[in-house]
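To start, the structure itself, in structure tokens.
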Amino acid sequence: MTGAEVWETKIVIQEEGRESHAEATLSGKSTQRMVGHGSAKCNPLDENVPAIGDELAAARALSDLSHQLMRTAKQDIEEHTRQPVRGLWE
């Protein structure tokens, strides 16, 4: 590949009371659009700090997105090489 390719990630966070829900969307020219989801719920015994819930929900959405991207890469490698892939993190 010559030059740079830009992939963009957008994270949308919604709060509902003591819960946060995040959706992370990855888009780019050579990758299919992927969406990861994550959520966080404040323990009833803890102080409600929405920013912490947002961080956890966003991290979980990005983790979900990362797993999807690894699975896609694994499938693409196997289709290209016609060999099973071993040792990739999933």
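For the range 33-51, the criterion of being modelled with pLDDT of 95 or more, small (Gly, Ala, Ser) and exposed (fewer than 15 other Cβ atoms within 10 Å of the Cβ) is satisfied by at least one residue. Selection of the range 54-85 for residues being free of Cβ contacts under 8 Å to residues at least 40 places away in the same chain and hydroxyl-bearing (Ser, Thr, Tyr) yields 63, 66, 81.
Scanning the range 27-58 for residues that are in a strand (DSSP E or B) and either more than 26 Å from residue 88 (Cβ to Cβ) or in contact with a Cys (Cβ under 9 Å, 6 or more places away or on another chain) (or both) yields a count of 3. Go through the range 1-19 and give me each residue that's out of contact with any Lys or Arg (no Cβ under 8 Å at 6 or more places or on another chain) and surrounded by 13 or more Cβ atoms within 10 Å (Cβ to Cβ). Within the range 1-19, 9, 11, 13, 15 qualify.
Identify all residues within the range 74-90 that are loosely packed, with under 13 Cβ neighbours inside 10 Å and either over 20 Å from residue 26 (Cα atoms) or at pLDDT 90 or above (or both); write none if there are none. Hits for the range 74-90 are 75, 76, 78, 79, 80, 81, 82, 83, 84, 86, 87, 88.
Let me confirm something: among 61, 24, which residue is under 8 Å from the mean Cα position of the chain (by Cα), in a strand (DSSP E or B) and modelled with pLDDT of 95 or more? First the steps, then the outcome.
Numbers: 61 fails: in a strand (DSSP E or B).
Step by step, each of 61, 24 is checked, and only 24 is under 8 Å from the mean Cα position of the chain (by Cα), in a strand (DSSP E or B) and modelled with pLDDT of 95 or more.
If I ask for residues that are among the basic types (Lys, Arg) and farther than 24 Å from residue 4 by Cβ, which ones from the range 18-67 would you list? If you could, list the steps in order and put the result at the bottom.
From the range 18-67, those among the basic types (Lys, Arg) are 18, 29, 33, 41, 60; that's our starting set.
Matches in the range 18-67: 18, 41, 60.
The values are calculated or read from the model by the stated rules, or taken from the named source; none is laboratory data. A quick note: this is a predicted structure, and the numbers were derived from the prediction, not measured. All Cβ positions, glycine included, derive from the backbone under ideal geometry; neighbour counts span all protein chains shown.
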